[in-house]
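Have a look at the structure below before the remarks.
The values are calculated or read from the model by the stated rules, or taken from the named source; none is laboratory data. What you are looking at is a predicted structure, and each value in this text was computed from that prediction instead of being measured. Here the Cβ positions follow ideal geometry from the backbone for every residue, glycine too, while neighbour counts run over all protein chains shown. Heavy atoms of the whole protein, side chains included, go into the accessibility calculation; ligands, DNA and RNA do not. Shrake-Rupley method; radii C 1.70, N 1.55, O 1.52, S 1.80 Å.
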Amino acid sequence: MLRFGVRSCVAAQRHGLLTTAMTASLSAVQLSEARRLRTTTTTSSTTTVTTEKTSAASASSSPSTPSTSAAAAASKTKASKPAWAAPSSTTIHKFSEDKAEASAYVGGADDVPSYSAASHMGYLLLHSRRMWLPLVLYAGYYALSAYLTPLQVGLYATASVVAQRLSVHGRANHVKKDLTGYTCVVTGGTSGIGLYTAMQLLDMGARVIIAAPAGKEKETMEFFLQNCRTSAGNATAESSSTSTVGSGDAASSSAAAAAAPPAPEPCEPLEKRVVFVSMDYMDQLDVKAAAARIKALVHDRVDLLVNCAGVWKEESGVTKQKFEEHIGVNFLGPFHFTEALLPSLRKAPHKSGRVVYVTCAAHNGVARGHVVQDRMTLLPGPDASQITARCYSASKLGNIYHAQSIASRRYEGIPLNRHSDLHPVDVCCADPGFCFTSLQQENNDPFLGKNVVARTLRSLWIKDAYEGSQTVVNCCVRDDIENGGYYAECTLMPSGLSKRAQDPRSRDEVIHWAMVKTIAKYYTLKPE
């Protein structure tokens, strides 16, 4: 008291009395609340017992109506639940039966398959089976050679060759669809996988617009006329429809014609269903101009876009906008070409438009973050080591990022509260596998030449362009498409995506750079 003074002691005493009073009042409130709850519980239990007795009495007085007592019990159970309790089964509004369509509402921009190191390693082993399967077969032969006769050795060697060939060939596309009336745009359709993709789409009756550099129109058209089966099919149908029938068989033929299913509409001649549009991926301004020309040709309506064009060069150059060649041709060119055609794809006259990106397992070469800084902005120079491999892998990763970005914007600009002519756009990535196409032939001569023996030996090691196009065509015509999915061997394979391909932060960084930082150079570059 002498230390703190009289005033301090009086204040402390008042504070202590106030604290005591507050504690007493709080205890009184808690006690009254407990009594009220006990009274409410007793009343509710009494009411429940009375209700049970009443229902039992009514059930005993009228045994012929068991459903009434069951309904009363059910209503009693519902009434006994508090209002804030969650229902046992939550009802969610379903927009569509299509999983890809519903996922656009349920999932967000980061809704990508979760990465699993074990499953991804399994995919890489499956993808590289052309290298380790011969070693396994040779190890089996080495272990069994002491017990095999010469005939058995020959049979084992034959079986090994067949197994290797089937392993390299992979799965074939067995999905066929009537594409009569469909408008398909195929980039790089004058060679390689794009050429065989366009050929198979033409076989199904589609109208194909080939966007590629000028100079190969005549060769490509001759290839289509020799290998497409639509012309032969139409000629056979016309000959069968114009065949004469005798008077005695007129009634039977008319009855058979009435019972037979309606014949598909004959497609136009092949020459009228192929259109060539010149486009140079080395010039991004020409890419935008080519997209505008295509939109004018098809009245701003496109059903399918297949991005097959690509480049691989050991000594890369730069585009006209001063980007590294692989980044500019493989990523930025298809990126802005697809973005320019997205409004036309949303106006597709059929169910929905579709975009198929041809990518490959080379995107596994990008393991670190900062993709834009470390890969996209690289330029070839004397001190840059492995610039081609680094930029090529980054360009294929950019294709996957763009497909995922389109998947997250599937309903962009489509009003959901009123009728509209706009439709959602599906998108997926197709991995054709390791193929021998014009990308390899431009850099080096084919191994062992181009004769029949050389092609046969290469078929035991690498796919040709037709075999590589099977997954691409399957993604074009299959109905159960996974929006933003990764397909290989004509099957959905989420394990094919690398860890970096499922990084939303890197994806947003790359897409933002491609949309904002690169498009500005198209209009600020001074003409030479």
Scanning the stretch 145-161 residue by residue, the ones that are part of a loop (DSSP other than H, G, I, E, B) and open to solvent by 60 Å² or more (accessible area, probe 1.4 Å) total 1
The residue that is nearest to A403 (Cα to Cα), considering only those in the stretch 466-499 that are open to solvent by 20 Å² or more (accessible area, probe 1.4 Å) and in a helix (DSSP H, G or I), is P494
Filter pass, G365 being open to solvent by less than 20 Å² (accessible area, probe 1.4 Å) and either within 20 Å of N307 (Cβ to Cβ) or out of contact with any strand residue (DSSP E or B) (no Cβ under 6 Å at 6 or more places or on another chain) (or both): no
Residues of the stretch 162-189 being in contact with a helix residue (DSSP H, G or I) (Cβ under 9 Å, 6 or more places away or on another chain) and either open to solvent by 40 Å² or more (accessible area, probe 1.4 Å) or in a helix (DSSP H, G or I) (or both), in sequence order, are A163, Q164, S167, V168, H169, R171, H174, V175, K176, K177, Y182
- request: Determine whether L332 is farther than 25 Å from Y196 by Cβ and either open to solvent by less than 10 Å² (accessible area, probe 1.4 Å) or of a type in the set (V, I, T) (or both).
  value: yes
> When you look at R375, is it part of a helix (DSSP H, G or I), buried (at least 23 other Cβ atoms within 10 Å of the Cβ) and among the basic types (K, R), yes or no?
Replying inline: yes
Residue hits (the stretch 264-294; open to solvent by less than 60 Å² (accessible area, probe 1.4 Å) and in contact with a Leu (Cβ under 9 Å, 6 or more places away or on another chain)) are C267, L270, R273, V274, V275, V277, Y281, Q284, V287, A291, I294
Considering the stretch 318-334, residues that are in a helix (DSSP H, G or I) and in contact with a strand residue (DSSP E or B) (Cβ under 9 Å, 6 or more places away or on another chain), and then whichever is nearest to T388 (Cα to Cα), we arrive at E325
Of those in the stretch 505-518 that are assigned to a helix (DSSP H, G or I) and more than 9 Å from Y401 (Cα to Cα), the residue most open to solvent (accessible area, probe 1.4 Å) is R505
Scanning the stretch 399-444 for residues that are among the hydrophobic types (A, V, I, L, M, F, W, C) and open to solvent by 30 Å² or more (accessible area, probe 1.4 Å), the one modelled with the lowest pLDDT turns out to be L439
Within the stretch 506-528, of all residues that are more than 25 Å from the chain's Cα centre (by Cα) and among the charged types (D, E, K, R), the one modelled with the highest pLDDT is K517
